[in-house]
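Below is one structure; the comments refer to it alone.
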Amino acid sequence: RITGINVYDILQEKFDSELLKGALSMDGTLGTFLGTRSNNSVFCAMHRMSNGGEYSQPAGGMGAVSEAIAAAARAAGAEIRTSSPVRRMLMDFDRVSGVELEGGEQIMADTIVSATDPKTTFHKLLGARNLEAGFAYRVRNIRSNGNVAKLHLALSGAPEFSGLDPALAGERLLIAPSLQYVEHAFNHAKYGEYSERPVMEITTACMTIRWRRPASTCCRPMCNGLRET
């Protein structure tokens, strides 16, 4: 019963503090196209708290994950090209036989693996004309609306926040003061607009993990309630 209802009703029933309710409701909506009153938002909150509410970051930052994957691929004999966007997939009768890059170069292979989303893979790169009509229709109707924007900033020093103990600057900072605030931010996204007062999550990664760039401090704000196009 609980997993199918909205986080707004549960928090209103169980808690009094608006600040606490706002913070908890953010975890039920962050990264989803949902508001606090949307069905299943409780499930999202429970999923995010399934590990005890803890958050983990890789040593060296998220870039270290990509670097590790790239190193493993190269060690296995892979060649990695950057700044080489694919224009389209090449067909040989009823199978994909290779790709054509934006520059016109064609690369043939027995197996093609696409890491892009289904709409880009099947409709843009492969082309709906090469798909069975029912499958093309299902892909086109996949719900993939986004409402999150992420911004990484390299700063010359540790940020200072009014009224916040500097010792807490490395913690997860939220701008979600109430349930109504979070819901209002989503309302703008719902109608294809940017929220004037977005929900925000701010983390100062250099204060919590060891980076390879000791000369700068990185601040990563994430905004929920923005419309991604």
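Take the conditions (1) in contact with a Cys (Cβ under 9 Å, 6 or more places away or on another chain); (2) over 30 Å from Thr203 (Cα atoms); Gly104 misses just one of them, which is (1). Just one of the listed residues (Gly61, Gly98, Gly77, Gly52) is surrounded by 13 or more Cβ atoms within 10 Å (Cβ to Cβ) and out of contact with any strand residue (DSSP E or B) (no Cβ under 6 Å at 6 or more places or on another chain), and it is Gly61.
Filtered by the rule that a residue be more than 29 Å from Tyr194 (Cβ to Cβ), outside any loop (DSSP other than H, G, I, E, B), of a type outside the set (D, E, K, R) and modelled with pLDDT of 90 or more, the stretch 125-180 gives Leu125, Leu126, Gly127, Ala128, Asn130, Ala133, Gly134, Phe135, Ala136, Tyr137. Screening the stretch 37-68 for residues that are modelled with pLDDT under 80 and in contact with a Phe, Trp or Tyr (Cβ under 7 Å, 6 or more places away or on another chain) and picking the one that is farthest from Gln180 (Cα to Cα) gives Gly60. What about Val182, is it surrounded by 12 or more Cβ atoms within 10 Å (Cβ to Cβ), within 30 Å of Asp9 (Cβ to Cβ) and touching a residue at least 12 places away in the same chain (Cβ under 8 Å)? Yes; evaluated as a whole, the condition is true for this residue.
In the stretch 14-28, of all residues being out of contact with any helix residue (DSSP H, G or I) (no Cβ under 7 Å at 6 or more places or on another chain) and not charged (D, E, K, R), the one that is surrounded by the most Cβ atoms within 10 Å (Cβ to Cβ) corresponds to Ala23.
When the stretch 61-95 is filtered for residues that are of a type outside the set (D, E, K, R), part of a strand (DSSP E or B) and touching a helix residue (DSSP H, G or I) at 6+ places or on another chain (Cβ under 7 Å), the ones remaining, listed by number, are Val86, Met89, Met91. Answer yes or no as to whether Thr120 is in a loop (DSSP other than H, G, I, E, B) and either of a type in the set (Ser, Thr, Tyr) or touching a His at 6+ places or on another chain (Cβ under 8 Å) (or both). The answer is no for Thr120.
The values are calculated or read from the model by the stated rules, or taken from the named source; none is laboratory data. Owing to the predicted nature of the structure, the values given are computational and were not obtained by experimental measurement. Positions of Cβ are generated from backbone atoms using ideal geometry, with glycine treated the same way; all protein chains shown enter the neighbour counts.
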